[in-house]
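Beneath this line is the structure, given in structure tokens, with notes to follow.
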Amino acid sequence: MERILITGSGGQLGTVLRKALIDKYGTERVVATDIRPRTDEFGSIDLLNAVDRNGLENLIKEQSITQIYHLAAILSASGEADPVRTWDINLKSWLNVLEAARKYKVEKVFFPSSIAVFGASANKVDTSQTEYLDPLTVYGISKAAGEQWGNYYFSKFGVDVRSIRYPGVIGHESLPGGGTTDYAVEIYHKAINNEAYTCYLSKNTALPMIYMADAIRATLELMDAPKEKIKTRTSYNINGLSFTPEEITRSIKKWYPNFTVEYQPDFRQKIAENWPSSIDDTQAQRDWNWSPHYQLDDVSNEMIAELRKKQNLLKEV
Ligand code: VAH
């Protein structure tokens, strides 16, 4: 019987992945945890600090966990405030998960990597799976190292580790938490409130992005793929779409013609300039048949419709 552990269940991706896993496996089979516990209409999110090895191992043993989705991490922008703490949290927690998976024979482990693993030496356009990785954020370094640890535990101990290099994720279900791509969510919240947006990236800064529904589907499709299809045990590039702040603004203006954005680049501009502007995901297409469904106007259409629904619900309260 499948028993699913998800760490970081309260984060931008974790919030939505938790619900997708509950839909797939049922509430009783999903153990959702986070550093900030809470209860909602989907059940409880229990306290777990993934850096606490004993706490993690006891939970995996007692709950007979068969799959782990390890989403707990400090992201690229907020991670720069305290590099050593970011490294500690991101790597200690991941090594705890790998060791526990090895010791208790967890069947599958998911590691969320990121396009943040690429740095100055990578091709910016259609960045390939095999580019040299010289990340310039602690978050990116921790993800590049985490990919190697995943490959090591697969090769040496046979732990079935699977991983995706997520682009910037855009969704209406949750707020982003300290990433460099957060602007692509914030901008929609401003637009539906008829407020101007001050963007912390310059208008021509293209970045790879993915709509939340595509990101969740990619995760589940990778984890469901037959083991023999998985040829990469570090992490898979996946592509959703790519756009600049100017292009997303142009898309939003189709719904909000008077929407305005001003550009005030901050420290996140330098982070973004060392990331790809678009991603080549040929290997994910070939190995497990990946393909995105959402392009920019589809994202705007759904983000605006869903955020408006929430806005109307709040007005009724
Ligand atoms: C970040 N949203 O900005 C994350 C993501 C590709 C970016 O890893 O840090």
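Remarks
- Selection status of Ile35, within 18 Å of Ile89 (Cβ to Cβ) and not hydroxyl-bearing (Ser, Thr, Tyr): yes
- Scanning segment 213-233 for residues that are of a type outside the set (A, V, I, L, M) and within 16 Å of the ligand (Cβ to nearest atom) yields Asp214, Thr219.
- Restricting segment 281-317 to residues that are hydrophobic (A, V, I, L, M, F, W, C) and not in a helix (DSSP H, G or I), the residue that is nearest to Glu221 (Cα to Cα): Trp290
- Per-region count, segment 153-212, residues buried (at least 19 other Cβ atoms within 10 Å of the Cβ), within 16 Å of the ligand (Cβ to nearest atom) and assigned to a helix (DSSP H, G or I): 6
- Number of residues in segment 248-280 that are surrounded by fewer than 18 Cβ atoms within 10 Å (Cβ to Cβ) and assigned to a loop (DSSP other than H, G, I, E, B) equals 11.
- Qualifying residue in segment 83-97 (condition: over 16 Å from the mean Cα position of the chain (by Cα), of a type in the set (A, V, I, L, M), within 16 Å of the ligand (Cβ to nearest atom) and surrounded by fewer than 16 Cβ atoms within 10 Å (Cβ to Cβ)): no
- Within segment 1-36, considering residues that are of a type in the set (Val, Ile, Thr) and in a helix (DSSP H, G or I), the one surrounded by the fewest Cβ atoms within 10 Å (Cβ to Cβ): Thr27
- Flag for Ala72 being in contact with an Asp or Glu (Cβ under 7 Å, 6 or more places away or on another chain) and touching a residue at least 12 places away in the same chain (Cβ under 8 Å): no
- Count of segment 223-247 residues which are part of a helix (DSSP H, G or I) and touching a helix residue (DSSP H, G or I) at 6+ places or on another chain (Cβ under 6 Å): 1
- If you go through segment 107-137 and keep only what is farther than 18 Å from Asn96 by Cβ and either within 11 Å of the ligand (Cβ to nearest atom) or surrounded by 24 or more Cβ atoms within 10 Å (Cβ to Cβ) (or both), you end up with Ser114, Ile115, Ala116, Val117, Phe118, Pro135, Thr137.
All of the numbers you see were taken from the coordinates with simple rules; none came from a lab. No experiment lies behind these values; they were computed from the predicted model shown. Every residue, glycine as well, gets a Cβ built from its backbone with ideal geometry; the counts of neighbours run over all protein chains shown.
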